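All remarks here apply to the structure that follows.
The values are calculated or read from the model by the stated rules, or taken from the named source; none is laboratory data. All values reported here derive from a predicted model rather than from experimental measurement. Here Cβ is always computed from backbone atoms with ideal geometry, including for glycine, and neighbour counts include all displayed protein chains. Just so you know, the surface numbers come from the protein's heavy atoms only, side chains and all, with ligands and any DNA or RNA stripped out. Shrake-Rupley method; radii C 1.70, N 1.55, O 1.52, S 1.80 Å.
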Amino acid sequence: MMSIGEMKIGSSIDNEIDLNELFFSLWTYKLLILITGIIGLSFSVHRIQNIKTVYKSSAIFKIFDKADTINLGGASLLANFTGISTSGSNNSILPEEMVKGRVFIEKINRELNFVSDLYFNRFTLNKPKDSTWRTILKRNLGYQLDIPLDQKEAIWQGIVNRYSQNVALQISDSGIITITVTHQDANRAAVIANTIMKTILNDRIDKINKQMNDQLIYLSNTMANSLSDLEATQSKLKTFAMENSALPLESFSAGSIQLDFLREEFERAMELYNAAFELEKILRKKEISNADYLKLSNEFPIVDQVEFRRILGQNEIVSSWSWPNRNVVLAVLDTLFERKERLENEIYASQKDVDRSGRTLEIYSKLKREEKNAEAMYTVIMEQVKAQSMTAGYKHNNSIIYEYAAPSISPSRSNSSLILLFGAVLGLFFGSLLSLVVSANRKVFYTKKSIIEQSKANFIASYKSIMFLRKKKLKELKSTINKSLPVFRDLIVEIHSQSANFIVVSSLATKIKSHEFAKITSSLMQDKTIKIATINFSHSGRMQSADLGTEIIGDFQLLERENNISILMLKHDLEPMSYVSQRDFSASLQLLSDTFDIIFVCADNTDALSLVRAIKIKNIFHIMLTRTKHTKRKNLSQISMVKSIQGLLYE
């Protein structure tokens, strides 16, 4: 029995992925892969032969997004002002959804009549009935069997589907549009392509003309509104002039100048009043000096001016100064105070007049701006209405037709090369997949490298050079083998180097059996001083030689002998695997070492695992015979875990 650790090691080895092993596993089933590839290629050929003949016709044209050939004067200026966009790319991108939409298909159906076209309309009421098992399955799945069918809707859904499959729209970077139609009838394909092109162009012209008419109507309404606004602003301006003044700006300017003059007069009167007031304070003193005059003139420079001296009745010469009478100064102060109050009242009244004139001027300016804006708007719209009216009667065509669709003289070729390639690749893929599944189920080795890595043997060689000796008897081997083979010479040296008395030979699905290999090896190892015996535990028949008696050696009887080499087998009443499973099996083998120097113990396939498990002898040299594409991984892993492999030979 294997331990848990051994099982884990075995499973990890089995789960490793080797690309080289994978490739050789596919190469092993190359015939299967080739057959599936041929089958896939045959289906592709059958598909190509059953493809119906169809014809393709194409119409090529170009349309522009706007009426670029018409000069609308200052249309862009008005458009930016009113919100109408005239900018855009020169090339129009035609939506594919519009061309393949049901609304468009129903529109061209009036001329093309897709309903009576059997290529587009494949609807039929004579549908095959479901089989009984299919009906029962649908009923159990809750599928409604008796659904009322809208025949017209079913026809149109089929037409739309076929139309989408057989009508192709292609737009180049330069805006050139190509409409390609596929049909069984070449003439019908050309008619459909031309009809689609004409419908698209006519719809575009109608759309542009409608847009121009809508713009003209919009401009006319806007012009009427602008005229009404202009008249309203002019009426407001007239009413304002009648109620106020026609020259509010001049009134405001005159009032502002007068206010500035009064403010200057007030400031001058205040300077004179302050200087006279300070002079009166000095005159109150009992003693007045020249220093008081200097201080007064420094603080109030107006004292030395002619105007101040004149109102005091003093000499107007600056260098001569005399102190005036105090009563005169008091009289001047009263006069200046009255003048100051009068000026304050006049300034207050002037400020009110200026504020009123300012508000009037603001209202007048606002009305004037509104009048100018309304007049400008009216003028611009008037010019646009004139330009639009001139272009409204011009029915322009903003499209270019490069090619009308013509009936194709040869049918459209299907991409047969691609179909063949797809069938071949698909067949090879399924063949490879099937090969991997088969190889995974077989669980065998496909490369020598994988066998060597799992066996971990010290001696590794190929036994292909001795395959011709496997059916020969000992006498024949003696005459055939006249020299030692290099591979087996090294194997014999390896056996002698370990001084092994027992040599276990196990084979896993090989052409040469373990006992045949042991017989050939013993023939190469024979010596006058060495006695060799071989025992085959995978044979239960009676093969006793006619010229020998029933020589018995322990539990074995002699089958064949040549010189010092003896071929033994179990006595006729013992089964090999039953004997191997006995408790004293190893002890029985050990007794043979008294008679023979080297003993080959052989077993094949599953018997080999039982044999290596049963042998409990220490001094053993284990030889494993393997064969790529036949030796199973599991068997080799189990045997190598039970008894390590010293020599590995492969085919």
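Some points to look at:
- Long-range HN-HN contacts of L559 with modeled amide H, under 5 Å: I567, L568, M569
- Rounded accessible area per residue of the chain, 1.4 Å, Å²: 59
- Each residue of segment 355-369 was assigned a 3J(HN,Hα) from its phi angle through the Karplus curve 6.51 cos²θ - 1.76 cosθ + 1.60 (θ = phi - 60°); the sequence is 4, 5, 5, x, 5, 5, 5, 5, 5, 5, 5, 4, 5, 5, 5 Hz, with glycine and proline shown as x.
- Segment 144-301 - percent relative contact order, Cα under 8 Å, separation 6 or more: 8
- Protection proxy ranking, highest mean first, for peptides 187-194, 256-263: 187-194, 256-263, where packing is the per-residue count of other beta-carbon atoms within 10 Å, averaged.
- As a size descriptor, the averaged projected area of the C-alpha convex hull of segment 313-466 was calculated at 50.9 nm².
- Here the Karplus curve 6.51 cos²θ - 1.76 cosθ + 1.60, taken at θ = phi - 60°, turns the phi angles of segment 439-456 into couplings of 5, 5, 6, 6, 6, 10, 8, 10, 9, 5, 4, 5, 5, 5, 5, 7, 6, 6 Hz, with x standing for Gly and Pro.
- Sum of -39500 (n - 2.57) over DSSP H runs of 4+, divided by residues of the chain (222 nm, nearest 500): -19000 deg cm²/dmol
- Panel note: the C-alpha atoms of segment 432-476, placed on their principal axes, show extents of 50, 26, 14 Å (largest first).
- Global geometry of the chain, whether rounded, prolate or oblate, following the gyration tensor of its Cα atoms and the 1.5 cut on a/c: oblate
- Pairs over the 22 Å Cα-Cα cut-off, from the set K100/K207; K52/K100; K56/K207; K464/K629; K528/K618: K52/K100; K56/K207; K528/K618.
- Share of carbon and sulfur in the accessible heavy-atom surface of segment 254-347 [1.4 Å probe, %]: 50
- Nonlocal amide H pairs with I460, under 5 Å, H built at 1.01 Å: L648
- Distances between every pair of Cα atoms in segment 183-334, grouped in 5 Å steps from 0 to the bin holding the largest one, split as 1, 7, 9, 9, 7, 4, 4, 4, 4, 4, 4, 4, 4, 4, 4, 3, 3, 3, 3, 3, 2, 2, 2, 2, 2, 1, 1, 0 percent.
- Length-normalised contact order for the chain - Cα pairs under 8 Å, 6+ apart - percent: 20
- With Cα atoms, 0 to 90° folded angle of helix 633-642 axis to the chain main axis: 70
- Couplings 3J(HN,Hα) for segment 223-229, derived from phi with the Karplus relation 6.51 cos²θ - 1.76 cosθ + 1.60 (θ = phi - 60°), are 5, 4, 5, 5, 4, 5, 5 Hz, where x marks Gly and Pro.
- Residue pairs, from the table K107/K198; K210/K386; K152/K198; K210/K372, whose Cα atoms sit over 23 Å apart: K152/K198; K210/K372
- Under 5 Å, built H, 5+ apart or other chain: amide partners of S399: none
- Short-range pairs are left out: with C-alpha atoms under 8 Å and at least six residues apart, the relative contact order of segment 605-651 is 54 percent.
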